[in-house]
Amino acid sequence: MANLKFIEVQHAEMVFETRKGSFHALTEVNLTVEQGEFITLIGHSGCGKSTLLNLLAGLTTATEGALICAGREIAGPSPERAVVFQNHSLLPWLTCFENVYLAVERVFGAKEGKARLRERTAAALALVGLTAASSKRPNEISGGMKQRVGIARALSMEPKVLLMDEPFGALDALTRAHLQDELMSIVAKTGSTVVMVTHDVDEAVLLSDRIVMMTNGPAATIGDIVQVRLPRPRERVALAHDPLYIDYRTRVLEFLYHRQARPQKEAA
């Protein structure tokens, strides 16, 4: 991997001001992400995973510390850092093609003609296997297909970083598995740098190069990081019986349900 510090999170703190006073969401978060690396953030609800993702997206600004991407401080949203949310967020009155074209036009419209913009849009839909559904509207396609349109829209902007907030969390198990496989294939083709929030331990081990495990909030931070040294491409059925896969899965589960369960019980 070319750049050992493609993304840098340096001493990040996040404090939200609420009616009940200050809420300390994140404290002393330090993380580096290599170019082309697939990182997952995992932890119990309220541990600041989505907060950290929003800081990387530039949707919120850290109270303290700095976040850097490709040598530049993250000071706001940018098409260089595309976000895929759990809710597909498609415009219901537009077709799949038009939803993706909207993003393409926004990013490349000032320097490219309409024919090239349409080519980019078609290529993004083809990448996620939705060429045949390009003329359909969101209410005419399945939940899994809607998420694929959301991924196509993000990839169409040619981002340096793909940020994903539980993109498969609302899908059934079979659709989720299919899209996980598709995501691995897409990332292999594009070489994208990915930071993804998940609650699913198996998903984290299957997809990740590293799993970043967050401590419980408030004032959550990175508790531990697991380096996943499984060769790619990965095939889920074969991995199910792989001792290394089982070991990684066990390490994450032990962190979540042993090291992190005790503070919750004591607080109760």
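Computed over the alpha-carbon pairs of region 81-158, the distance histogram in 10 Å steps reads 22, 57, 20, 1 percent, short to long. Here is the list for region 97-183: GluC sites (Glu not before Pro) lying in DSSP coil, each with at most 16 other C-beta atoms within 10 angstrom of its C-beta, are GLU112. For region 109-268, the alpha-carbon coordinates run over 60, 37, 31 Å along the three principal axes, in decreasing order.
When the chain is described by a simple charge dipole with +1 on each Lys and Arg Cβ and -1 on each Asp and Glu Cβ, the residue from VAL201, ILE211, ALA173 located farthest towards its positive end is ALA173.
Among the chymotrypsin sites (Phe, Trp or Tyr not before Pro) within region 1-94, those in coil by DSSP and having at most 13 neighbouring Cβ atoms inside 10 Å are TRP93. Distance from the C-alpha centroid of region 1-42 to that of region 119-148: 32 Å, rounded to the whole angstrom. Return the loop-located trypsin sites (Lys or Arg not before Pro) in region 1-46 (DSSP other than H, G, I, E, B) with at most 10 other Cβ atoms within 10 Å of their own Cβ; answer none if there are none. Filter output for region 1-46: ARG19, LYS20. Estimated purely from DSSP H runs of n ≥ 4, each contributing -39500 (n - 2.57), the mean residue ellipticity at 222 nm for the chain is -11000 deg cm²/dmol once divided by its residues.
Helix 114-127 and the long axis of the chain differ in direction by around 50°, with both axes built from C-alpha atoms. Axis angle, to the nearest 10 degrees, between helix 243-254 and the longest C-alpha principal axis of the chain: 60 degrees.
The magnitude of the dipole of the chain, with charges of +1 and -1 set on the Cβ of Lys/Arg and Asp/Glu and taken from the Cα centre, is near 580 debye. Antiparallel beta bridges, as assigned by DSSP with both residues in the chain, represent about 55 percent of the total such bridges.
No value in this document is a laboratory result; all are computed from the given coordinates. Just so we're clear, the structure is a prediction, and the values are computed from it rather than from any experiment. Neighbour counts run over all protein chains shown; Cβ positions are idealised from the backbone, glycine included.
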